[in-house]
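The values are calculated or read from the model by the stated rules, or taken from the named source; none is laboratory data. Computed from a prediction, not measured in an experiment: that's the story for all the values here. As a convention, Cβ positions derive from the backbone with ideal geometry for all residues, glycine included, and neighbour counts pool all protein chains shown.
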Ligand code: HEC
Ligand code: HEC
């Protein structure tokens, strides 16, 4: 062999539009830090979060394919800009119908003692909850009734979408799609949505003592904190009894809070609403409410909420009112100053990251396609970098003079092209293994 000229090339990175989901650079979901004072956690031992699982959950959460007519995703009603709640009183489903209750904020859904979900706690776990909207006639339309397709049709549909083959394999070890896996992935993504960068967190991290005045609080905010925490006999408003700091989740033993009118028809009473989302992020960082409050969206200001608790209208028909709220006469007797202080405190519970962090954002392009970057496009692939999961990739170098030949060396994958090799080859990567590609050009 006459080597007149031999040049070692490193491969030129393939120009790629910035992929929305880069499997070589996953968002950090599983190893996020939470403050040491956050202890309540409803994660079941058999569905621990992984970055691959939450990434699959993110794609499912934003995918309109989860509705029967491809118009509605989970994110249509649970919007990142509003702490994953909705600003309208009732949200719109796939055929224009309205939801029966107000859409709940999902931020910090993981951090609570109560493991049941929905305002009326009809879902036994977050996993169970996630496929209710998909199978709801009005919301996403895979109900299997009234002429609608069933969940099997959704599975068939997802099987026909290329990116799910890769995403389910990475999350669960095989490309099998079923309801259990859809639930696990969606629940992992929802549990990953956390918010602990509020003014309240700065104060609690500084003092490590909920009862002490927070140095970063105004006197009014500290007064509001005392009112929130102290029970009514001690001159407080007793909110802590059901929405306990620092998670501000719901007490699993709470009964209803006297808000009993059905959204669609106030004359019809609904005594079943005993759960609330975390009271964190009631307000967005700009200070506006993230949507109307309570299961029926009846309250559009925090003052209206406080006025409700201050004097809960007695109603003999409400046989499920929490006895802690059934105080005689005007139960709280808060002054306007105290109401304002309570509001000022509730406003300290808002973070910023959850509203903008790309790892919880919509990964789809405007035209509904998804860019999934499965291979490392580094110049050479080496070491522990994860390469493609069985995918085929083309590598090339600039063509040399006429008659030049190319010696390609690949580890961690198989060259699919047949020798003699040209300046371009196809490589089939082994699953989840490191790999390298090098090439020597031999000029005539
Ligand atoms: C059409 C609007 C709509 C869509 C689509 C939707 N939701 Fe909801 N979501 C709601 C409403 C309304 C509620 C409260 C319903 C109730 O309690 O009866 C809710 C409640 C929830 C809750 C309970 C929160 C809590 O603290 O108890 C979770 C979790 C949730 N949705 C996740 C999802 C997921 C995951 C999807 C997609 C598979 C989804 N939602 C699709 C409107 C929607
Ligand atoms: C006895 C338990 C209990 C106490 C005490 C209590 N709440 Fe609630 N709270 C609930 C329940 C249950 C809900 C959900 C009710 C519904 O929507 O029907 C709720 C809902 C809310 C909501 C609406 C949340 C949302 O996302 O729409 C706010 C705000 C709120 N409470 C604030 C307070 C404040 C402030 C206090 C103290 C003055 C307080 N709560 C005391 C049980 C309680």
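The table for this structure:
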read-out: Verdict on residue 423 being closer than 30 Å to residue 168 by Cα and surrounded by 14 or more Cβ atoms within 10 Å (Cβ to Cβ); value: no
read-out: Selected residue [near ligand 1 (Cβ under 8 Å from one of its atoms), in the same structural domain as residue 178 (by TED's automatic domain parsing) and touching a residue at least 40 places away in the same chain (Cβ under 8 Å)] from 120, 128; value: 120
read-out: Conditions (1) touching a residue at least 60 places away in the same chain (Cβ under 8 Å); (2) away from ligand 1 (no atom under 16 Å from the Cβ); (3) in contact with a helix residue (DSSP H, G or I) (Cβ under 7 Å, 6 or more places away or on another chain): number failed by residue 302; value: (1)
read-out: Selection status of residue 208, in contact with a helix residue (DSSP H, G or I) (Cβ under 6 Å, 6 or more places away or on another chain), more than 16 Å from ligand 2 (Cβ to nearest atom), at pLDDT 95 or above and over 14 Å from residue 53 (Cα atoms); value: no
read-out: Filter result for the condition that a residue is within 18 Å of the chain's Cα centre (by Cα), over 22 Å from residue 293 (Cα atoms) and surrounded by fewer than 20 Cβ atoms within 10 Å (Cβ to Cβ), over 124, 39, 43; value: 43
read-out: Hits in the range 353-372 - residues which are more than 19 Å from residue 25 (Cβ to Cβ) and either crowded, with 18+ Cβ neighbours inside 10 Å or touching a helix residue (DSSP H, G or I) at 6+ places or on another chain (Cβ under 8 Å) (or both); value: 354, 355, 368
read-out: The range 271-299 - residue that is within 13 Å of ligand 1 (Cβ to nearest atom) and out of contact with any strand residue (DSSP E or B) (no Cβ under 8 Å at 6 or more places or on another chain) and, of those, nearest to residue 112 (Cα to Cα); value: 278
read-out: Failed criterion for residue 144 (all others in (1) more than 13 Å from ligand 2 (Cβ to nearest atom); (2) under 19 Å from the mean Cα position of the chain (by Cα) hold); value: (2)
read-out: All positions within the range 128-144 that are surrounded by fewer than 22 Cβ atoms within 10 Å (Cβ to Cβ) and either outside any loop (DSSP other than H, G, I, E, B) or at negative phi (or both); value: 128, 129, 131, 132, 135, 136, 137, 138, 143
read-out: Set 118, 82, 111: member being surrounded by 22 or more Cβ atoms within 10 Å (Cβ to Cβ) and either under 26 Å from residue 254 (Cβ atoms) or touching a helix residue (DSSP H, G or I) at 6+ places or on another chain (Cβ under 7 Å) (or both); value: 111
read-out: Some residue of the range 214-237 being touching a strand residue (DSSP E or B) at 6+ places or on another chain (Cβ under 9 Å), assigned to a helix (DSSP H, G or I) and at pLDDT below 95; value: no
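Listed here are the residues, each with its yes/no results for (1) farther than 24 Å from residue 300 by Cβ; (2) surrounded by fewer than 20 Cβ atoms within 10 Å (Cβ to Cβ); (3) within 10 Å of ligand 2 (Cβ to nearest atom); (4) not assigned by TED's automatic domain parsing to the domain that holds residue 102.
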position: 227; (1), (2), (3), (4): no, no, yes, yes
position: 231; (1), (2), (3), (4): yes, yes, yes, yes
position: 240; (1), (2), (3), (4): yes, yes, yes, yes
position: 245; (1), (2), (3), (4): yes, yes, no, yes
position: 250; (1), (2), (3), (4): no, no, yes, yes
position: 254; (1), (2), (3), (4): no, yes, yes, yes
position: 266; (1), (2), (3), (4): no, yes, no, yes
position: 269; (1), (2), (3), (4): no, yes, no, yes
position: 274; (1), (2), (3), (4): no, no, yes, yes
